[in-house]
1. Given charges of +1 on the Cβ of Lys and Arg and -1 on the Cβ of Asp and Glu, with all other atoms neutral, how large is the dipole of the chain about its Cα centre, in debye to the nearest 20?
2. Enumerate by residue number the trypsin sites (Lys or Arg not before Pro) in segment 108-209 meeting two conditions: DSSP loop (anything except H, G, I, E, B), and at most 16 other Cβ atoms within 10 Å of the site's Cβ.
3. Over 28 Å between Cα atoms: which of 218/256; 13/215; 173/215; 57/256; 173/218; 18/188 fall into that group?
4. Identify which of 17, 115, 33 has the largest mean-square fluctuation in a Gaussian network model of the chain, with springs joining Cα atoms closer than 10 Å.
5. Between residue 2 and residue 83, take the C-beta separation as r, use R0 = 22 Å, and let me know the FRET efficiency to the nearest 0.05.
6. Whole-Hz ³J(HN,Hα) for each residue in segment 55-67, computed from phi via Karplus 6.51 cos²θ - 1.76 cosθ + 1.60 with θ = phi - 60°, x for glycine and proline: what do you get?
7. Residue 13's amide H: which non-local residues (gap 5+, or another chain) put their own amide H closer than 5 Å, with H modeled 1.01 Å from N in plane and none for Pro or chain starts?
8. Please rank 70, 89, fewest neighbouring Cβ atoms within 10 Å first, as an exposure proxy.
Amino acid sequence: MNSPIQCLIASSKGGVGKSTTALGLAAVYARSGRRVLLVDCDIASRSLEMFSGTADKALFNMGDLILERCSPDQVLLTPFPDLPSLQFCPAPARPEETQICERFPGGFPEAITCGCRSLLTLPFDVFIWDTGSGYEIPRALAPLSQTALVCAEQSPASIRAASYTSALLTGVKRVRLVICSFDIDAAKHGERAGMLEMIDRCSLKCAAVVPLDPKMMKAQENGRLPEAKYPAMQAYANLAKRMDGWDVPLFTGIRKMKRKHAL
């Protein structure tokens, strides 16, 4: 039996596509028939609750698991009825932060790691840890991850944050760059960084280039499962195949994406 995939989504900067990448990759793997657990470790924004339409549906969250108010299987939600193989663990609520930190000498990073270790006892094929801004939690979760996907958009601040974050993820076997919300027209006209510039400045191998996709954003804003035909979802499908060891070109199946313009 193959070992489960344990994937960390990270960047020290917020708003660069981490939660979008976490949900997109989770949906791709679930559609392939694998049992997927998507875990929200971001107490500050809790974006995945909105993206998955589960903001008012959770009886328990990661905080309850950490504080031993529930068992690992009780914290799980099925956000999309049409995709039962995708399960979701919500992030702790902000009011629980003080109580959690009082219990753990290492503070919130130690507590989140403890909760994720508990979830690893469950029978899933894929575990995806979605983290927020900052570096403490990604660094704490690095030992539980074989792959780290560092997300960046085309802004200088986002690129710098990706470079900084990747340097902290020691011990992770594979650390890869995911370029999110890529505006190929802006890159073509020299208005924003191109793919090669981002790769060079981040000093990371690129695992995916996800195009700017208004349909994907609209689905997330309304808590709907993104459709497989969306250009962004095709990029995440390519990412999943590359993570599985397949040699898949970055822009396979993505209409209007031309490699020479992205460079």
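Please treat every number below as a calculation from the coordinates, not as lab data. Computed from a predicted structure; not experimentally measured. All Cβ positions, glycine included, derive from the backbone under ideal geometry; neighbour counts span all protein chains shown.
1. In total the dipole reaches around 1060 debye.
2. 173
3. Listed pairs above 28 Å: 173/215; 57/256; 173/218.
4. Taking springs between Cα atoms under 10 Å, the residue moving most is 33.
5. The pair residue 2/residue 83 has a calculated efficiency of 0.55.
6. Per residue, the Karplus-derived 3J(HN,Hα) values read 4, 10, 10, 7, 7, 10, 9, 4, x, 5, 5, 4, 8 Hz.
7. Under 5 Å from the amide H of residue 13: 134.
8. The fewest-first ordering by Cβ neighbours comes to 70, 89.
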